Amino acid sequence: MRRVGKICCFLALPAVFLCFLSVRRLFPFPRSDALTERQQAWAGVLRLWICEELPCGTLDAWLNEASAAFERRNDGVYVQITTVSRASAADFAAAENPPDMLLLPPSLLDTPDGLLNRSGEYLTPVAMGGYAWAVNRAKLPDLSPEGAPMRIPMDTETASYSAALAALLCGDEAASGDTRRESRYGVDLGLPDASPHPAESSAPLVRKELRPADGSQADENAFRGFTRGETAVTLVSQRELLRLSALADSGRAPDFAVVCTGHAFTDRLALFAAVDLPRDDLSARQALCEKFLAFLLDDARQAKLSRVGCFRVTPGAALYAASSPLAPLERALTDAEPLFPPFFTREWRARAQAEAKALLSGAGGAEGALRRIGLSP
C-alpha cells in the first residue's frame, strides 16, 4: 500500500504544479521590489497637535475624516490628533514627547525655531475664514457702509477686527465711485445670469475710501447689538455670519446683507507645520508629514471644508451656493490674493488697534493705516 501511495503522489505532482501556475495567473503575487518597498516604508504613529480655538473654526470633523482616509492609503501609519492649549502649542519644542505636526493660528510663535524649513516656508495655510460687513437692510437700504455709524467687535488673541476694518474701509476700485454690489458668486448651476450689469466705462479705476459716521467705535457687544437691530453695520467673520443667518431664519435678527469692500484681509487661518527636532526616524516622519500636508491640500479635501464652514486655500470650484451668506465672503477671498498677517510676530496686532481707533473717529487714510500695520498689498 505504501508503494501504491508513493506512486499516486508522484503522478499527482504535475497536476499540482499546473494548478499553482493557474492560480498565480489569477492572483499575481507582488514583485520582489514591491515587497521591499512596503517593508522599507515607515510605519507608526504621527502625532498632530491642534491649537485650541483655531480662528477659522472647528476643524475636528474635517481632520478626522482626512486622517482616516490618509491612514487607508498608507498601511501601518496612524495619525493621532490631540487638541492642546495655546501655551502648550507655543512651547511644543520643550515637550517630553513633541508632536510631528502642528496646526496653529498666525502670530502664536515668535520664531520658526523647531519647525521644518520647506524652501523658506515654515507655516502653510490649509483652511481659512475671513471678514465682511453685515448691513441692516432696514437702516441702510443702499447697503453702503459709507458714512454709517459702526460698531465693530473687540479684538481677541486670534481675531483682529481692527486690521479687517482698515482693509475693508479702503473701498473698491470703481470708475463711478459706486460701492460694490452684493456678490452673486457661488456654485455654477449653468443658468443664465439675469442680474443687471453696470455699463462699461473707460474712466480710470480709483479706490473710493469709506468713512464711518461720528460715534463709531469698537464694542464688545457689537454682534449682539446688531442681532437686536440696534446697529446699522458691523464687522463679522464667517462663523458669526452663520450664527446671524440662523438667528434671522428664526426671526431673532434683522434682515441683513453681506457686503465686502476694499481688500480681503484675514488672520483667520489654520497653519500647518512639520516639526524639525532630533528624534528617531526623523527623515521618514517628515516625509510622511509632507505627504499628509499635500493630502490636506488636494481638491477632494479642500472641497469638504464647506462642512465645517471654512473656505479653501487652493484654487477650485466655489464651496457655497449663491444663496449662502458665506458666498459674498468666499468671492472676496478668491477674487484677489488675500492679505495675510505676519506669521511670527504679534506686534502688528497692537498697531492695528491704534489705527482702527483713528479710523473709527473719521480720520481717514485707510491705505496708509494698512501700510503702518504691515499689511500693505
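Some notes on this structure:
- Among the conditions (1) in contact with a Phe, Trp or Tyr (Cβ under 9 Å, 6 or more places away or on another chain); (2) free of Cβ contacts under 8 Å to residues at least 60 places away in the same chain, A358 misses just one, which is (1).
- Cβ-Cβ under 7 Å pairs, at least 6 apart or on other chains, segment 202-213 side more than 9 Å from E173 (Cβ to Cβ) and small (G, A, S), far side open to solvent by less than 100 Å² (accessible area, probe 1.4 Å) and modelled with pLDDT under 65: A203/A175
- Of everything in segment 65-91 that is under 23 Å from the mean Cα position of the chain (by Cα) and polar (S, T, N, Q), the residue that is nearest to A303 (Cα to Cα) is S67.
- All positions within segment 88-123 that are closer than 17 Å to P341 by Cα and either buried (at least 17 other Cβ atoms within 10 Å of the Cβ) or among the aliphatic types (A, V, I, L, M) (or both): L103, L104, P105, P106, S107, L108, L109, Y122, L123
- Residues of segment 294-332 that turn out to be closer than 17 Å to V258 by Cα and among the polar types (S, T, N, Q), as a count: 2
- Top-ranked residue in segment 210-226 [being open to solvent by 20 Å² or more (accessible area, probe 1.4 Å) and under 16 Å from S245 (Cα atoms); ranked as nearest to the chain's Cα centre (by Cα)]: F223
Matching residues to (1) touching an Asp or Glu at 6+ places or on another chain (Cβ under 6 Å); (2) under 27 Å from V313 (Cβ atoms); (3) at pLDDT below 95:
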residue: A93; (1), (2), (3): no, yes, no
residue: N117; (1), (2), (3): no, yes, no
residue: L123; (1), (2), (3): no, yes, no
residue: G171; (1), (2), (3): yes, yes, yes
residue: A174; (1), (2), (3): no, no, yes
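- Checklist (1) in a helix (DSSP H, G or I); (2) under 19 Å from T234 (Cα atoms); (3) open to solvent by less than 30 Å² (accessible area, probe 1.4 Å) applied to G368, failing item: (2)
- When A167 is tested against (1) open to solvent by less than 40 Å² (accessible area, probe 1.4 Å); (2) at pLDDT below 95, only condition (2) is not met.
- Within segment 111-142, the set of residues being touching a Lys or Arg at 6+ places or on another chain (Cβ under 9 Å) and assigned to a strand (DSSP E or B) comprises T124, V126, A127, M128, Y131.
- Of residues in segment 50-87 being among the polar types (S, T, N, Q) and open to solvent by 70 Å² or more (accessible area, probe 1.4 Å), the one farthest from V308 (Cα to Cα): Q80
- Residues that are outside any strand (DSSP E or B) and free of Cβ contacts under 8 Å to residues at least 40 places away in the same chain, drawn from segment 74-110: D75, G76, S85, A87, S88, A90, D91, A94, A95, E96
The values are calculated or read from the model by the stated rules, or taken from the named source; none is laboratory data. All values derive from a computational prediction rather than experimental measurement. Positions of Cβ are backbone-derived with ideal geometry, glycine not excepted, and every protein chain shown enters the neighbour counts. Heads up: the accessible areas ignore ligands, DNA and RNA and are worked out on the full protein's heavy atoms, side chains in. Shrake-Rupley method; radii C 1.70, N 1.55, O 1.52, S 1.80 Å.
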